[in-house]
DNA sequence: GACGATACGGAACGATCGTTCCGTTTGTCA
DNA sequence: TGACAAACGGAACGATCGTTCCGTATCGTC
């Protein structure tokens, strides 16, 4: 690997990270290339497809989240384990627009490697939810799918409406509170 | 107006309503035309632009929602007024994908007439929220913008994940419960 | 310093989609 | 029924975007 090529590869990754985070997966690939100070041809030699570049950006963060979910499975306080993870997930999603795109694209395209990672995250959340239910910390009828959709949908909407940080945090609070066990119906 | 033209106009509206509801604003205009059994040229003579057709479909429903919000302002029970409206809003949004697109497009394009209508809905919800706060039925710190984003984001995510009806209803329940006043922190 | 392999840039291609244009058909009215 | 305006259908246009291709520049080695 030539030194020049290595430098360009890193510049592309850097540009893609900031650009995808700001504008999501929908930005034209030319914009990323320009941001990196590189021609499109160069970009495509390093990453055979737009999706590949996207995966390179998102997969590591997704893996890290999955790891954090799994780590919390053995925590002492199942309620805190679930809710602290959800808050961590929300903050990640609020900061970087591309996480949603990864999760939504994952829902549609079977082929994407992100899909597996998202599915593994769902399994992790499922365990956290089951544990939290065991100590009556969350409603007994809620599912992991619902929890994921609730958090990601909330963050997506908050981001789209350009709400400020306090609003975003409050919205996550509201969703988490709602998932807790209702005292009496 | 020729009889033929009138019939086609209605067929276009009908096709657009079902197609937009199912697939959202992103469906190609050709699909709507084909569904209506009509050429694209005909469609464009009746509606000068895709956005115009979309407005024709969505505006009336949006107006109806705004009316319902305003009607509930004078209700006896402010808490029920707010939450029954939110449930109504959620059901409308869950049934028809185009409502989101209207609201999101409204956020971006100043020009769209939908934007004004969405803004008016926000004002209506704001009053409902203020009234509900007055009787301690919702958290004192939540805003109308947050309420709208919470509901629409939740419905959008539920729809995207193709969750079943029971899940969708439960998610709306969770969000509404979370907005209620926390008993003690 | 020169040569060959490697990498670069960006013009060009093909697909998609909103919109326009025009030759043809069809409804309406005398 | 005939003629004209109104309406129709769909091919074609232009813009956007992902991807490919190839002539040119650059790096690494002797």
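Here are the numbers:
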quantity: Test: residue in segment B:49-65 that is more than 13 Å from the chain's Cα centre (by Cα), crowded, with 20+ Cβ neighbours inside 10 Å and assigned to a helix (DSSP H, G or I); calculated: yes
quantity: Output for segment B:22-48, where each listed residue is more than 11 Å from DNA strand C (Cβ to nearest atom), out of contact with any helix residue (DSSP H, G or I) (no Cβ under 6 Å at 6 or more places or on another chain) and not in a helix (DSSP H, G or I); calculated: B:37
quantity: Hey, residue A:13 more than 10 Å from DNA strand D (Cβ to nearest atom) and within 14 Å of chain B (Cβ to nearest Cβ) or not; calculated: no
quantity: Hits in segment B:153-183 (condition: farther than 15 Å from residue A:177 by Cα and surrounded by fewer than 24 Cβ atoms within 10 Å (Cβ to Cβ)); calculated: B:159, B:160, B:161, B:162, B:163, B:164, B:165, B:166, B:167, B:168, B:169
quantity: Total residues in segment B:36-48, condition more than 8 Å from DNA strand D (Cβ to nearest atom) and surrounded by 17 or more Cβ atoms within 10 Å (Cβ to Cβ); calculated: 2
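Just so you know, all these numbers are worked out from the coordinates, no wet-lab data involved. Note that the coordinates shown come from a computational prediction; the quantities given were computed from them, not determined experimentally. Every residue, glycine among them, receives a Cβ derived from its backbone with ideal geometry; neighbour counts consider all protein chains shown.
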